[in-house]
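What follows is one structure encoded as structure tokens, with my remarks underneath.
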Protein chains: 2
Amino acid sequence: MNETSDDNSLITQSETQMRKGMLVYCVLLLLKDGKVYTSEIIRSLRQAQLIVVEGTLYPLLNRLAKDNVLVYEWQESEQGPPRKYYWLTDDGQALLIELRSNYRKLHASINALEKGAHHE
Amino acid sequence: MNETSDDNSLITQSETQMRKGMLVYCVLLLLKDGKVYTSEIIRSLRQAQLIVVEGTLYPLLNRLAKDNVLVYEWQESEQGPPRKYYWLTDDGQALLIELRSNYRKLHASINALEKGAHHE
DNA sequence: TATACTACCATGCTATACAAGGTACTATTA
DNA sequence: TAATAGTACCTTGTATAGCATGGTAGTATA
């Protein structure tokens, strides 16, 4: 709660916020080409600098599966514990299309604001 | 709490999420050219289809002012109640630059995912 | 048997968007 | 003067969801 020394906290916070909203969209993008298991998703997202912690992704996948966006099946691994492979349902495909459209619109809106197009 | 009839709730939810993260950035963009008062900000954001309700923006502006990103002054209006005009501090200008950079990176990452660039 | 690695998961905290309702000032009109 | 409408600001309560932290379990190796 020190308000003088953590002046970069707002930056970090806003960075986090920016990534947050895109998370569902990015997860669906990662799954659009086939079955992927959870740790693999985390690694891919980290490569894209989009997420770091497991505690965010596992509940998210559970929610998406509960809402019939994803399904999964367990699969034995040759080395290590079994893996939970996820893929998109038809509803998931539809949601992906919807989110892609929304992202395009959002990006366009931000571009407009960046160019200072705020006149009544 | 009905889980069968509100099957578009996840879409709405994700749309909301997408806008959420961009809010700080968009507010700073709106203020980058000078003093603006709150209702005006709300109208501009609505035009850009980025936010709808006041209950989101007022607390956000308070937070940003508390964190020395924005300052404000009261100004009489010729018609109606007085208005609270906000503008960016130097810290706010710096944050805007930071957030612009972050947004660029995020957009690039999403573009990469859209093109299916997830290979180890 | 013990250690290391991989993978999955749950709990508690905190931040925050939204819904809903409220206050106060000005102008218009009866 | 009194009532209504319009504008602008603000607060409270609720629910969502990311994150920190810690834990379980299977496999492989020393």
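A short reminder: the numbers here are calculations on the coordinates, not readings from a lab. Worth saying up front: this structure is predicted, and the values here are computed from it rather than measured. Cβ sites come from the backbone with ideal geometry, for glycine too, and all protein chains shown count toward neighbours.
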Hey, could you check the stretch A:30-67 for residues that are within 15 Å of DNA strand D (Cβ to nearest atom), of a type outside the set (Phe, Trp, Tyr) and not in a helix (DSSP H, G or I) and say which is farthest from A:Thr12 (Cα to Cα)? A:Asp67
Within the stretch B:23-41, the residues that are surrounded by fewer than 18 Cβ atoms within 10 Å (Cβ to Cβ) and not charged (D, E, K, R) are B:Gly34, B:Tyr37, B:Thr38, B:Ser39
Subset tally (residues that are farther than 19 Å from A:Leu113 by Cα and either away from DNA strand C (no atom under 15 Å from the Cβ) or within 11 Å of another protein chain (Cβ to nearest Cβ) (or both)) for the stretch B:49-63: 1
For the stretch A:16-48, give me the residue count where each residue is at the interface with chain B (Cβ under 7 Å from one of its Cβ atoms), within 15 Å of B:Lys105 (Cβ to Cβ) and more than 11 Å from DNA strand C (Cβ to nearest atom). 4
Cβ pairs under 6 Å, 6+ apart or interchain, first in the stretch B:63-78 and free of Cβ contacts under 8 Å to residues at least 40 places away in the same chain, second charged (D, E, K, R) and more than 11 Å from DNA strand D (Cβ to nearest atom), ordered by first then second residue, are B:Asn68/B:Asp91
Restricting to the stretch B:70-104, what's the tally of residues that are within 15 Å of DNA strand D (Cβ to nearest atom) and either in a helix (DSSP H, G or I) or within 10 Å of another protein chain (Cβ to nearest Cβ) (or both)? 1
